[in-house]
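The values are calculated or read from the model by the stated rules, or taken from the named source; none is laboratory data. All of these numbers come straight from a predicted model, not from anything done at the bench. Cβ placement follows ideal geometry from the backbone for every residue including glycine, while neighbour counts extend to all protein chains displayed. For accessibility, only protein heavy atoms count, side chains too; no ligands or nucleic acids. Shrake-Rupley method; radii C 1.70, N 1.55, O 1.52, S 1.80 Å.
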Amino acid sequence: MPDRPVTVLCRSAIERLPEWAPRVVDSIRTEIREYAAVPLQQHIGHVLMLQEKLLRALMETRGPNADDLERAANLGRLRASQGISMEAVIGGYHVSDRELWKLLDGVAETAPQRALLPGLATIMWETIGPVSAAIADAHAAATHSAQARDLRLRYRLADLLVAGIVTSETNVLSDTLGFSCADDFTALLVRPAKTETVTPLVDSGRGGAVLCAQLDLHDSVLVLCQDRNISDLVNRIRVALPSCVIGAGMHRNGLRGAVDSIQDARLCVRLASAAQPVQHFESAWLAATMVAAGDRLGGLAAAGSEAARAHPHLPETVITYANSGFSTATTAEKLAIHPNTVAYRLDRWRDLTGWNPRTLDGVTRTLLTTISPPGQHESQPAHADESPTQS
């Protein structure tokens, strides 16, 4: 008994698949760049297998059965583990179907075979829905599972490093999350405003060897990376959390260095404010060190603490003066006030505290009054004790 025309047609297409599948893969990888992450020969093998299974289903003039759907689900899980997005996986499946239709159209040589094409097209169209759903559901489940696992690993590594613990476990966790244990690390401690949620920032920590984990440190987020240039990362964080403050640690070597960089960041975030939302340990090390020794040094600032609370613009002027090379003119320019006002404020601060702001000791003691926990100093009018002629 001769084979049915549909059997002959599909068998002819199956015979052409070994030379056809690489062309299909080339089309997929050209149109969907994400597939560059999939090994080429593996990709060709998957397309060859899936197209043959579809052709055998068409040979039987049927839609996908349970085995076909499970095969599609397995593909969705695999692509999720390879970091291929769901949209890309579905897109690749559609490209594969499109190219398979071209193959069927090309091998349909006789009138009876060409008469079969509309019916086969209907079956292929009806197959797209259940197969796409199987791929999408499996991909979503695998992605959710991977994200949950990744989140657990990130939080565990963050907890260990914040506690200063470096063991074989931290090495394994670091490697698993894509870090190089022997390279340098930079830590950022991000403290959002009360009205901001840290969830989007934490969720964005996947990929690129950047660890984001919410800590029990005043609802802060630890961000750990191995990129020496952190300016882009800081900018992205500030876009996501416009009212946050950030303490940035130094770039330090290895996991022990990561622990130290985290400590840098924890000190610096206490210095950050709305006026200066990002504090880098590399430039704010003196103030940060004073924060670390706050209990021991607090008595040195006692004489100026009350004056600083009542007149916060005075210590601000002193610090700006020191950072301006002890230049009255430069300080006035930075603060947008008259040079005479700068001189007046420096003298006024000396009279109130007994510290000479034109000396290193006076500046250092003044600095101590500015590093109290945020919110301790109440803002006062900037020129409350200044005459109009001085401003």
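Quick notes on this one:
- Residue within the stretch 320-338 that is hydroxyl-bearing (Ser, Thr, Tyr), without any contact (Cβ under 8 Å) to a residue 12 or more places away in the chain and part of a loop (DSSP other than H, G, I, E, B) present: yes
- For residue 83, the test of being part of a helix (DSSP H, G or I), closer than 21 Å to residue 132 by Cα and within 40 Å of the chain's Cα centre (by Cα) is failed.
- Selection within the stretch 80-106: residues that are open to solvent by 30 Å² or more (accessible area, probe 1.4 Å) and among the acidic types (Asp, Glu). The member of this set that is nearest to residue 38 (Cα to Cα) is 87.
- Residue 234 vs. criteria open to solvent by 40 Å² or more (accessible area, probe 1.4 Å) and modelled with pLDDT of 90 or more: no
- Cβ-Cβ contacts under 7 Å between residues 6 or more apart (or on different chains), taken from a first residue in the stretch 47-66 that is farther than 16 Å from residue 7 by Cβ and open to solvent by less than 30 Å² (accessible area, probe 1.4 Å) to a second residue that is in a helix (DSSP H, G or I) and not aliphatic (A, V, I, L, M), are listed as 47/96; 51/96.
- Residues that are hydrophobic (A, V, I, L, M, F, W, C), open to solvent by 40 Å² or more (accessible area, probe 1.4 Å) and without any contact (Cβ under 8 Å) to a residue 40 or more places away in the chain within the stretch 129-150 comprise just one, 133.
- Unmet requirement for residue 267, which otherwise passes all of (1) open to solvent by 10 Å² or more (accessible area, probe 1.4 Å); (2) more than 19 Å from residue 190 (Cα to Cα); (3) not hydroxyl-bearing (Ser, Thr, Tyr): (2)
- Residue 265 vs. criteria at pLDDT below 85 and either under 21 Å from residue 364 (Cβ atoms) or not basic (Lys, Arg) (or both): no
- Residue that is surrounded by the fewest Cβ atoms within 10 Å (Cβ to Cβ) [pool: residues in the stretch 107-120 that are outside any helix (DSSP H, G or I) and not charged (D, E, K, R)]: 110
- Residue match in the stretch 159-175 (condition: closer than 30 Å to residue 6 by Cα, surrounded by 13 or more Cβ atoms within 10 Å (Cβ to Cβ) and of a type in the set (Gly, Ala, Ser)): no
- Verdict on residue 305 being of a type in the set (S, T, N, Q), under 27 Å from residue 233 (Cα atoms) and open to solvent by less than 40 Å² (accessible area, probe 1.4 Å): no
Let's see how each residue does on (1) more than 44 Å from the chain's Cα centre (by Cα); (2) over 28 Å from residue 146 (Cα atoms); (3) assigned to a helix (DSSP H, G or I):
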site	(1), (2), (3)
61	yes, yes, no
70	no, no, yes
73	no, no, yes
76	no, no, yes
98	no, yes, yes
102	no, yes, yes
122	yes, yes, yes
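- Residue check, residue 260 of a type in the set (D, E, K, R) and open to solvent by 20 Å² or more (accessible area, probe 1.4 Å): yes
- The residue list 299, 375 contains one member that is open to solvent by 40 Å² or more (accessible area, probe 1.4 Å), at pLDDT below 90, not in a helix (DSSP H, G or I) and not aliphatic (A, V, I, L, M), which is 375.
- Taking the criterion of being in a loop (DSSP other than H, G, I, E, B), without any contact (Cβ under 8 Å) to a residue 12 or more places away in the chain and open to solvent by 60 Å² or more (accessible area, probe 1.4 Å), the only residue of the stretch 348-365 that qualifies is 356.
- Subset of the stretch 6-15 that is in contact with a helix residue (DSSP H, G or I) (Cβ under 6 Å, 6 or more places away or on another chain) and either among the small types (Gly, Ala, Ser) or at pLDDT below 95 (or both) - its residue that is most open to solvent (accessible area, probe 1.4 Å): 12
- Applying the criterion of being open to solvent by 20 Å² or more (accessible area, probe 1.4 Å) and among the β-branched types (Val, Ile, Thr) to the residues of the stretch 317-347, the residue that is farthest from residue 358 (Cα to Cα) is 337.
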